[in-house]
């Protein structure tokens, strides 16, 4: 223990002593030549296909495994939050190693498309999906659909006191009683929709009202649903399928999904968009991957996890209304790309993240 | 630039007269080790300082202020708590007549194998309506626990999984205390309390300050626990900005601010410490053992037991419970062997590279100490105090902008680890070199051996135990490291830490616990090398 203690002590002392100088005082002339061993090969031409996935592993992995089995094409997947991956791709720019980006929502992938980083998808792919769930310029296509809902614990919340509109969450009776995931792609997309439909002032007012109403802040939707199911949280703004997955897993739980009405931004139905990076060196294989995600086989797998398949005749998740019977919030998903940046800035400025 | 104060207590023979100019090769090697490690941080600070004075990247100043406050409150609370906990455990296991003192001392050190995000995960698993403790309480008709989240939970988690640093530093400091000073004070009529305040604490001060600095820097840097337990600090905000903005600039700006806060903390500690170096006194005799009786004795055992249960037993039990329950319910659990191989190889690789980088630096700074080598050393150290999320972001941006071929590669990950943890191996190597002294090397050179021959046959073999200790510390830290790994890992390169993180954020607790248990088991090996073996020295 003495030796370890001595190391720890001297580390603390030396850390202290180095504080005066700070990292600004590097030795004269630190040239980057030492950091940059010049490598001849930049990207292997026949490396695995790289997928940046904002969808979780549980959801994606089986479909990818089936793709590799069927085609022999290896896929490496980088799993992270949609926003994180979008920021990463934008920072990477032309150097991005990604071939395919599959976002959780239409806004972030639209933002990437808007920067000119996505190539145009082949017509046989885009024709698989109805207009409203793909990019107007065919740079991304929806793979699955999901709707925004308010999940609530049926023991803690009476049906009568459920929020009729998303504006009720700004009221005192919901103070501290609901969860949001402000940096999550789905929440961001919902705010982009609100901005499109209701304008900047109203959206800012709502965000600030929410931020002031002491919401419980989560990183993602899953933990909100879990806390609600466990009775640790009365409710929260999430997507529809988390609860259905929990019910499939745990049987009957004291929680339910509540839909807001027609025209409410919180009723937004969104697509999880996928697109091919313009700089991809294997666009053919990338297109094959997206075709595979839109194959009957993959779509059925997604249906089994309670998301809406977006191909013709893909079916409806068990216990859910048909896609066309969901409350209508009529905006163009393509246009959410235009309100993405203001939405992100407003979420941040409201103090939610 | 202030001079580096080496831990003098261990220095055997400083022979300044014999110091020669450092060979050029050593400088080259030293710079190769340091420059790649430091340039991303310099770049990050430069971008921030350039832009940040006038433009806060859309982050309102009020927000910065509230982040600063909430972070400062957490740092202060955890630092004070760990100082109290660690001093108490150190004192109880060195100065009293409690049974099993050595066992207790080992047990309160073991929480170091539990990364704070694993601890936080376990905390979430014990509390709330579906928690382990809640279920146990309800089984006997008691009300359950609320969800452990927010300030109190974060405070508890970071205290429980960091106080061991203070314990480790406290034990030798307490052993070194000269009992005659205490006795003199008491015999001159000083009360017990006054003696503690005026005689005992000043002797412990350097160790306490060192421990507190390590803890507070860690708290400033922690990302996993604050995120899981939902307490707003700088690191959580940086990550939120990274996820929730399209541009990396706001995240970089906050990172730069956080780096400045870390440097300010280090500077403040240095002021408080003043000139008091570690006392090198060797007590003339062992201090009197304090006998604890009756209630005090029971309370002492209860205190140690509570600490061990909270920091070690409960988290491990929760992980085990999740694993067993999950597997019996048929939850899908993937093997974590691939993750284990990646974690251990990258941690082992980082340990080796760090040791290799530390050797020339240690020789330069110990055997050829002068103003320039001290500067080099200071620069190396500056990265150690910096939050890993910020360092990771710096490396990500620099690799992308200047060396794209390195982006998302294992070599870049290794360079980042070296940047963050080089000081751990360096200080171990420096201590070793000082203990060896230079006379043997001089004798070898005098007998005609070359510089390399002397290094190979004399210095390195004698230095080996210190290098091993430094390497073990690096290995342990890299195994647990989360935020920089998350940002810099090659696509598909999921380590145990990354797996625990992603599985827990997707609520696959069974998967997360399996990975966490493996991580803890593997981390115990370097801790054994560091602590348990040393205990028997």
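The values are calculated or read from the model by the stated rules, or taken from the named source; none is laboratory data. Keep in mind that this is a model prediction, so the values were computed, not measured. Cβ atoms come from the backbone with ideal geometry, glycine included; neighbour counts cover every protein chain shown.
If you check B:182, B:232, which single one turns out to be surrounded by 18 or more Cβ atoms within 10 Å (Cβ to Cβ) and away from every other protein chain (no Cβ under 14 Å)?
Selected residue: B:182, the only one of B:182, B:232 that is surrounded by 18 or more Cβ atoms within 10 Å (Cβ to Cβ) and away from every other protein chain (no Cβ under 14 Å).
For residues that are buried (at least 19 other Cβ atoms within 10 Å of the Cβ) and in a loop (DSSP other than H, G, I, E, B), tally how many sit in region A:200-218.
Number of matching residues: 2.
Return the total of residues in region A:180-199 being crowded, with 19+ Cβ neighbours inside 10 Å and either without any contact (Cβ under 8 Å) to a residue 40 or more places away in the chain or within 13 Å of chain B (Cβ to nearest Cβ) (or both).
12
What about residue B:412, is it under 18 Å from residue B:43 (Cα atoms), touching a helix residue (DSSP H, G or I) at 6+ places or on another chain (Cβ under 7 Å), free of Cβ contacts under 8 Å to residues at least 40 places away in the same chain and surrounded by fewer than 24 Cβ atoms within 10 Å (Cβ to Cβ)?
no
Residues in region B:199-219: is at least one under 26 Å from residue A:215 (Cβ atoms) and either away from chain A (no Cβ under 12 Å) or in a helix (DSSP H, G or I) (or both)?
Checking region B:199-219: at least one residue is under 26 Å from residue A:215 (Cβ atoms) and either away from chain A (no Cβ under 12 Å) or in a helix (DSSP H, G or I) (or both).
For region A:65-81, which residues satisfy the criterion of being within 13 Å of chain B (Cβ to nearest Cβ), touching a residue at least 40 places away in the same chain (Cβ under 8 Å) and not in a loop (DSSP other than H, G, I, E, B)?
Matches in region A:65-81: A:75 only.
Could you check residue A:151 against (1) touching a strand residue (DSSP E or B) at 6+ places or on another chain (Cβ under 7 Å); (2) within 30 Å of residue A:279 (Cβ to Cβ); (3) at pLDDT 95 or above and say which number it fails?
For residue A:151, the exception is condition (2).
Every residue, every condition in (1) facing another protein chain (nearest Cβ under 10 Å); (2) modelled with pLDDT of 95 or more; (3) over 21 Å from residue B:248 (Cα atoms), yes or no:
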residue: A:87; (1), (2), (3): yes, no, no
residue: A:92; (1), (2), (3): yes, no, no
residue: A:102; (1), (2), (3): no, yes, no
residue: A:118; (1), (2), (3): no, yes, no
residue: A:121; (1), (2), (3): no, yes, yes
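Exactly one of these conditions fails for residue B:442: (1) buried (at least 19 other Cβ atoms within 10 Å of the Cβ); (2) in contact (Cβ under 8 Å) with a residue 40 or more places away in the chain. Give me its number.
Failing condition for residue B:442: (1).
Restricting to region A:268-316, what's the tally of residues that are within 18 Å of the chain's Cα centre (by Cα) and crowded, with 20+ Cβ neighbours inside 10 Å?
Summing the residues that are within 18 Å of the chain's Cα centre (by Cα) and crowded, with 20+ Cβ neighbours inside 10 Å in region A:268-316 gives 18.
If I filter region A:200-232 down to residues being over 24 Å from residue B:227 (Cα atoms) and free of Cβ contacts under 8 Å to residues at least 24 places away in the same chain, which single residue comes out as farthest from the other protein chains (Cβ to nearest Cβ)?
The selected residue is A:202.
For region B:306-409, please list each of the helices (runs of 4 or more DSSP H) lying entirely inside it that holds at least 3 residues being within 14 Å of chain A (Cβ to nearest Cβ) and crowded, with 19+ Cβ neighbours inside 10 Å.
Because the criterion is at least 3 residues that are within 14 Å of chain A (Cβ to nearest Cβ) and crowded, with 19+ Cβ neighbours inside 10 Å, the helices (runs of 4 or more DSSP H) in region B:306-409 that meet it are B:337-367, B:371-384, B:388-402.
Counting only residues that are over 23 Å from residue B:236 (Cα atoms), give me the helices (runs of 4 or more DSSP H) lying completely in region B:445-537 with at least 2 of them.
B:451-454, B:460-480, B:509-527
All but one of (1) under 23 Å from the mean Cα position of the chain (by Cα); (2) outside any strand (DSSP E or B) hold for residue A:167, so report the exception by its number.
Exception for residue A:167: condition (1).
Looking at region A:46-64, is at least one residue modelled with pLDDT of 95 or more and farther than 26 Å from residue A:219 by Cβ?
Among the residues of region A:46-64, at least one is modelled with pLDDT of 95 or more and farther than 26 Å from residue A:219 by Cβ, which makes the answer yes.
Picking from A:344, A:352, A:340, A:277, which residue would you name as being within 14 Å of chain B (Cβ to nearest Cβ), within 23 Å of residue A:86 (Cα to Cα) and at pLDDT below 90?
Just a single option satisfies the conditions, and that option is A:352.
Which strands (runs of 3 or more DSSP E) sit wholly inside region A:233-304 and have at least 2 residues that are under 22 Å from residue A:131 (Cα atoms) and either without any contact (Cβ under 8 Å) to a residue 60 or more places away in the chain or in contact with a helix residue (DSSP H, G or I) (Cβ under 9 Å, 6 or more places away or on another chain) (or both)?
A:269-276
Modelled with pLDDT of 75 or more, under 24 Å from the mean Cα position of the chain (by Cα), over 21 Å from residue B:239 (Cβ atoms) and part of a helix (DSSP H, G or I) - does that describe any residue in region B:2-17?
The answer is no; no qualifying residue exists.
Looking at region B:42-140, what helices (runs of 4 or more DSSP H) fall wholly within it and have at least 3 residues that are more than 30 Å from residue A:234 (Cα to Cα), under 18 Å from the mean Cα position of the chain (by Cα) and in contact (Cβ under 8 Å) with a residue 12 or more places away in the chain?
Result: B:61-95, B:101-109.
What single numbered condition from (1) within 18 Å of residue B:129 (Cβ to Cβ); (2) surrounded by 14 or more Cβ atoms within 10 Å (Cβ to Cβ); (3) more than 18 Å from the chain's Cα centre (by Cα) fails to hold for residue A:224?
Exception for residue A:224: condition (3).
Among the numbered conditions (1) on the phi > 0 side of the Ramachandran plot; (2) buried (at least 17 other Cβ atoms within 10 Å of the Cβ), tell me where residue B:294 comes up short.
Against the list (1) on the phi > 0 side of the Ramachandran plot; (2) buried (at least 17 other Cβ atoms within 10 Å of the Cβ), residue B:294 comes up short only on (2).
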